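Asks: Here it is, the structure in full.
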Amino acid sequence: MHKNAPIGIFDSGIGGLTVASAIHDLLPNESIMYFGDTAHFPYGNQSPEQIAEYGLKISRFLYQSGCKMIVIACNTASAHAFKGIVKDINQEVPVINVIDPASAAIADKYPNGSVGVIGTAGTIKSGIYKRRIQRLAPQAKVSSLATPLLAPMIEEGFFNNKISQTIINSYLEKKSLQNIDVLILACTHYPLIKNEVEKYYKGNVQVVDSAYWVALEVKSQLQSANMLSDAKNPEFKFYVSYLTSVFEKSAKYFFPQKVEFKEMNIWK
Ligand code: DGL
């Protein structure tokens, strides 16, 4: 595998673009091959088995397309598909999920803190954040809330308006999220509503997402394998299982340089 091969990144839709963008900011020489599984969106309310199957298929596609690393830029898929993907292709290429880097950073920063987590029903039901954080910081208190309306709302391009703020507020008012020090946005779609969440808390709660820590992990793993790219003209390819105008618009927003789009049915 050549060090200038692309990094493969996937999500159910536009959410993973927030992770791809953080990786691009930190590592501008890296080429990126992105897969948005828009045909199967949302992942958040599907069975763990189904998510594991989608994740495996997409990871194989990215690996067979020449990617040197796979980043699961979706919390739901990180919760349910990571193990299977690692078993399948980790001998060949490294696989990174979005949950471990964020959990480690939070456990380090808030070892005795009260941590809130919001995410899809699938992610919250898995209990994975609580397990990961408390494994590293047993004194930390972790409370979570499934917020299933948020990802579909964002995927439709519906945020930064009165109605989205009302929906966000009605979730954040819930009892389980009271008296927290920090809130983890445990869905890669949520950085797009980060300012609305911050508006609700008025600076009293720190609001964090995983994108930056994931980018740091990508850098550290590529560096230690001597696989950082030195490409002068990195390429950005975006595949989707169903091309939507919101996806195209969002990808162009995060990657205003020349990008390539292709609708691709890898389930045939
Ligand atoms: N972006 C995905 C995540 O991080 C979820 C969106 C969906 O429900 O498909 O969990």
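Asks: Given Cβ point charges of +1 (Lys, Arg) and -1 (Asp, Glu) and nothing else, what value in debye, to the nearest 20, does the dipole of the chain about its Cα centre take?
Replies: Taking the Cα centre of the chain as origin, the dipole is about 400 debye.
Asks: What number in nm² do you get for region 161-268 if you take the convex hull of its Cα atoms and divide its surface by four?
Replies: Across all orientations, region 161-268 yields a mean hull projection of 10.7 nm².
Asks: Further, regarding this structure: Quick one: dipole size for region 156-199, taken about the Cα centre, charges +1 on Lys/Arg Cβ and -1 on Asp/Glu Cβ, in debye to the nearest 20.
Replies: For region 156-199, the charge dipole is close to 100 debye.
Asks: I've got another one for you. Restricting to the chain, what percent of DSSP beta bridges are antiparallel, rounded to 5?
Replies: 0 percent
Asks: On full extension of the chain, what length is gained from LYS237 through ARG135, given 0.36 nm per residue of separation minus the C-alpha to C-alpha distance?
Replies: That pair, LYS237 and ARG135, stretches by 33.0 nm at full extension.
Asks: Mind running the shape call on region 91-244? Use the C-alpha gyration tensor, a ≥ b ≥ c as the square roots of the eigenvalues: rounded below 1.5 for a/c, prolate if a/b tops b/c, oblate otherwise.
Replies: oblate
Asks: State whether region 5-152 is rounded, prolate or oblate according to the following rule on the C-alpha gyration tensor (a ≥ b ≥ c being the square roots of its eigenvalues): a/c under 1.5 gives rounded; otherwise a/b larger than b/c gives prolate, and the remaining case gives oblate.
Replies: prolate
Asks: Express the carbon and sulfur contribution to the solvent-accessible surface of region 15-158 as a percent, rounded to the nearest whole number, probe 1.4 angstrom.
Replies: 51 percent
Asks: Can you give the calculated 222 nm mean residue ellipticity of the chain, where each DSSP H run of n ≥ 4 adds -39,500 (n - 2.57) and the sum is split over every residue, rounded to the nearest 500 deg cm²/dmol?
Replies: -12500 deg cm²/dmol
Asks: If you don't mind, another one. What shape does region 74-182 take by its C-alpha gyration tensor, where a ≥ b ≥ c are the square roots of the eigenvalues and a/c under 1.5 counts as rounded, a/b above b/c as prolate, and the rest as oblate?
Replies: It comes out oblate by the Cα gyration axes.
Asks: Kirkwood Rh, Cα Rg: Rg to Rh for the chain?
Replies: Checking Rg against Rh, the ratio lands at 0.95.
Asks: Still on this model: Positive end of the charge dipole of region 83-222 (Lys, Arg +1 and Asp, Glu -1 on Cβ, about the Cα centre): tell me which of PHE159, LEU216, ILE184 has its Cα farthest that way.
Replies: Among PHE159, LEU216, ILE184, the one farthest towards the positive end of the dipole of region 83-222 is ILE184.
Asks: For the chain, what relative contact order do you get, as a whole percent, if you take Cα pairs closer than 8 Å and at least 6 residues apart?
Replies: 28 percent
Asks: With axes computed from alpha carbons, what is the tilt in degrees of helix 245-254 against the longest principal axis of the chain, rounded to the nearest 10 within 0 to 90?
Replies: 90 degrees
Asks: So for region 1-121, taking the charge dipole from beta-carbon charges (+1 Lys/Arg, -1 Asp/Glu), which of GLN46, ILE89, ILE9 sits furthest toward the positive end?
Replies: ILE89
Asks: Leaving out ligands and nucleic acids, and using a 1.4 Å probe, what accessible area per residue does region 143-240 come to in Å²?
Replies: 50 Å²
Asks: Okay, moving on. Taking the Cα centre of region 45-101 as the origin, how large is its charge dipole in debye, to the nearest 20, when only Lys and Arg (+1) and Asp and Glu (-1) carry charge on their Cβ atoms?
Replies: Here region 45-101 has a charge dipole of around 100 debye.
Asks: Going highest first, how would you order 142-151, 250-259, 187-196, 13-22 by mean Cβ packing within 10 Å?
Replies: The densest-packed peptide leads the list: 13-22, 187-196, 142-151, 250-259.
Asks: LYS3 versus GLN257, label points 7 Å from Cα toward the beta carbon: distance in nm?
Replies: Result: 1.8 nm between the two label points.
Asks: Relative contact order, percent, of region 56-121 when contacts are C-alpha pairs under 8 Å separated by at least 6 residues?
Replies: Relative contact order for region 56-121 comes out at 33 percent.
Asks: Counting heavy atoms of the protein chains only and a 1.4 Å probe, report the per residue accessible area for region 52-108 as a whole number of Å².
Replies: In whole numbers, region 52-108 has 36 Å² accessible per residue.
Asks: Also: First compute the accessible area of region 182-268 with a 1.4 Å probe, then give the percent of it belonging to carbon and sulfur atoms.
Replies: Using a 1.4 Å probe with all protein chains present, region 182-268 comes out at 49 percent carbon and sulfur.
Asks: Something else about it: Roughly what angle does helix 16-26 make with the longest principal axis of the chain, taking Cα atoms, 0 to 90 degrees, to the nearest 10?
Replies: For helix 16-26, the angle is close to 70 degrees.
Asks: Where does helix 162-172 land angle-wise versus the long Cα axis of the chain, in degrees 0 to 90, nearest 10?
Replies: 70 degrees
The values are calculated or read from the model by the stated rules, or taken from the named source; none is laboratory data. None of these values were measured; they are calculated from a predicted model. With ideal geometry, Cβ positions are generated from the backbone for all residues, glycine too; neighbour counts draw on all protein chains shown. Keep in mind that these areas ignore ligands, DNA and RNA; they rest on the heavy atoms of the full protein, side chains included. Shrake-Rupley method; radii C 1.70, N 1.55, O 1.52, S 1.80 Å.
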